[in-house]
Every structure is written in structure tokens, then in C-alpha cells.
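The structure appears right after this line, and notes come after that.
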Amino acid sequence: MVNRTKGGARTAAKSKLDYTSPARLNKIFAALDRLFPQATCALGHENPFQLLVATILSAQCTDERVNMVTPELFRKYPTPQDFAALKQEVLEQDIRSTGFFRNKAKSIIGAASMLVRDFEAQVPRTMEVLLKLPGVARKTANVVLGTAYGIPSGVVVDTHVSRIAARLKLSKEKSPQKIEQDLMKVVPQERWISFAHQVIWFGRKVCQARKPLCAECPIEALCDAPDKTD
């Protein structure tokens, strides 16, 4: 039974969906595979260090804005050594348009300095070591490990993944860390990297924050989110 609210949204009176059943999950995976078979990271980069910098810049900022800033940034400072040698106020001006530029500049210079000092200017390949870098939390580490190295260390949880995990009832948690733990339990490890990329693109193109395009959604029948639209 489905009730319609005054604004046209639909809510299930009493859901009978088994949200994490293999059958439901496989239908979700299959739909994402059809929609975004080649989904990958939208941040422009040519090497793991550039991806690390771009991901730090992407906090509270759109990928589109980051991609407008990084080409010139990486032209001016092509190596970790170049970033490590910068004065913070100089880098702040280069990245100002990405927001929170003071903290980001401090993190990027700190991470570059640690890479040069402790890791021969190479981005580490383990979660444990990456988390020691300034400005790096699990999301950034997962992006770098998954996209740059193909290592499925976890599931990237950004605002799109958080929203869609909630709408599809794959997690009831609010913090990215707890949402990630829930997703790692129900998404096969071999899908952790591709699943995050696909869900991010799904969130941009279909399951949008303000007005999800439910009429165009291939998994609409599997969803009973309260903010569904006609």
C-alpha cells in the first residue's frame, strides 16, 4: 500500500522489503552496472599524488570546481617536492576558490612534506600509512587506494553515497565511518571500488538530493524512501 503526500511524494504504509537480501542487492548492482558500466573517479589526475591533492581539495567542494583549479595547480607544482617547498599563504591563493583554503593548504603542504621526508615522495599503498598523512581520513584514503592502485580497502562514502545508502535503507547510520562499515557488510569486496563510483554518478544523474528522478530510476521498485517523487 502506498500513500501520497500533499506534495506528490510517495511513502510506503508498511514496507515489506528485505533491504539487504541478496536478491535485492543483486538487482541494485545489476542496475548500476547497466547505468554506469565504466564509472570512475571524476577528479582529474595523472598520478597518485595528484589524486591525493585533488581529493583533499574536494572536501566541501564540487569535483567540477576542483577540476577547474588543478590543471594550473599541477602545472605550477608538478611534484610533491614542489608542494612541500611552498609557503602556505602562496598555496592558499592558488586554491582559494575551493573553499576552506587555509586548512586545505596546510594539509596539502603537510602531506607533501611527509611524503618527501618519509616515503621517498611516493604515495603509500596501505590505509594504515595513508591515515598518518595530514588531511587524510578514510574517504580520501579509499579514493586514492581504489582509484590509483586498484586496492579495495573500503567503500568511499561522500554525500551522494550517504544519501543513497539511506534512501535504499542499506544503512541507518549518520556518520561516514559507520555507513561505510554497513556497506562493507553487504557489498562484495570486489565491488567496493566500482560500487562507490557508480553510486556517486547515480546520485549526480538520477537520485539527486533535492528532487530525485524516480520516474527515470531503474531501481524505483526496490525503493520506499519517503522523499520519492512522481
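Every Cα-Cα pair of the range 48-149 was included, and the share exceeding 22 Å stands at 19 percent. Please state the relative contact order of the range 155-230 as a whole percent: Cα pairs under 8 Å, 6+ residues apart? After rounding, I find 34 percent. Annotation: aspartates and glutamates with alpha-carbon distance below 13 angstrom to Lys27 (same-chain offsets under eight excluded): Asp18, Glu220.
On alpha-carbon atoms, Rg over Rh for the range 107-183 using Kirkwood Rh? Computed over Cα atoms, the ratio is 1.06.
Contact order, relative form, for the range 48-149: 32 percent (alpha carbon pairs under 8 Å, 6 or more residues apart, mean separation divided by residue count).
Over the chain, calculate the relative contact order: mean separation of alpha carbon pairs under 8 Å at least 6 apart, over the residue count, as a percent.
Here the relative contact order equals 24 percent.
Mean residue ellipticity, 222 nm, helices only, the chain: the sum of -39500 (n - 2.57) across DSSP H runs of n ≥ 4, divided by residue count and rounded to 500, is -14500 deg cm²/dmol. A dipole drawn for the chain from +1 and -1 charges on Cβ atoms has a positive end, and of Cys41, Leu91, Gly110 the residue lying farthest that way is Cys41. Take the Cβ atoms of Ala30 and Gln177, set R0 to 35 Å, and the FRET efficiency comes out at 0.80.
Please go through the residue pairs Lys178/Lys228; Lys87/Lys174; Lys139/Lys228; Lys106/Lys205; Lys174/Lys205; Lys106/Lys211 and name each one whose alpha carbons sit more than 26 Å apart in this structure. With Cα atoms farther than 26 Å apart: Lys87/Lys174; Lys139/Lys228; Lys106/Lys205; Lys106/Lys211.
Along the range 171-180 the Karplus relation, 6.51 cos²θ - 1.76 cosθ + 1.60 evaluated at θ = phi - 60°, assigns HN-Hα couplings of 7, 9, 7, 10, 7, x, 5, 6, 4, 4 Hz to successive residues, with x for each Gly and Pro.
Each of Gln189, Gln81, Ala148 was placed along the dipole of the chain (beta-carbon charges, centred on the mean Cα), and the one lying farthest toward the positive end is Gln189. A straight chain from Met127 to Gln38 at 0.36 nm per residue would run longer than the Cα-Cα distance by 29.5 nm. Put a plus charge on the Cβ of each Lys and Arg, a minus charge on the Cβ of each Asp and Glu, and nothing anywhere else: the dipole of the chain about its Cα centre is then about 960 debye. Peptide packing: for 108-118, 20-30, the average count of neighbouring Cβ atoms within 10 Å per residue gives the ranking 108-118, 20-30, highest mean first.
As a size descriptor, the averaged projected area of the C-alpha convex hull of the range 179-230 was calculated at 4.1 nm².
Under unit Cβ charges (Lys, Arg +1; Asp, Glu -1), what dipole magnitude, rounded to 20 debye, does the range 155-230 have relative to its Cα centre?
It comes to approximately 180 debye.
The range 148-194 and the range 71-100 have Cα centres spaced 31 Å apart. Between Asp230 and Ala166, the modelled label-to-label distance comes to 2.6 nm, taking each label 7 Å out from Cα in the direction of the beta carbon. Principal axis analysis of the Cα atoms in the range 71-114 yields extents of 23, 21, 13 Å, listed in decreasing size.
Looking at [x] 63, 34, 28; [y] 52, 40, 28; [z] 74, 41, 30, which value of Cα extents along the principal axes in Å comes from a calculation on the structure shown? Label [x] holds the value from this structure.
Computed from the coordinates by the stated procedures, all read-outs in this text should not be read as laboratory data. Owing to the predicted nature of the structure, the values given are computational and were not obtained by experimental measurement. Every residue, glycine as well, gets a Cβ built from its backbone with ideal geometry; the counts of neighbours run over all protein chains shown.
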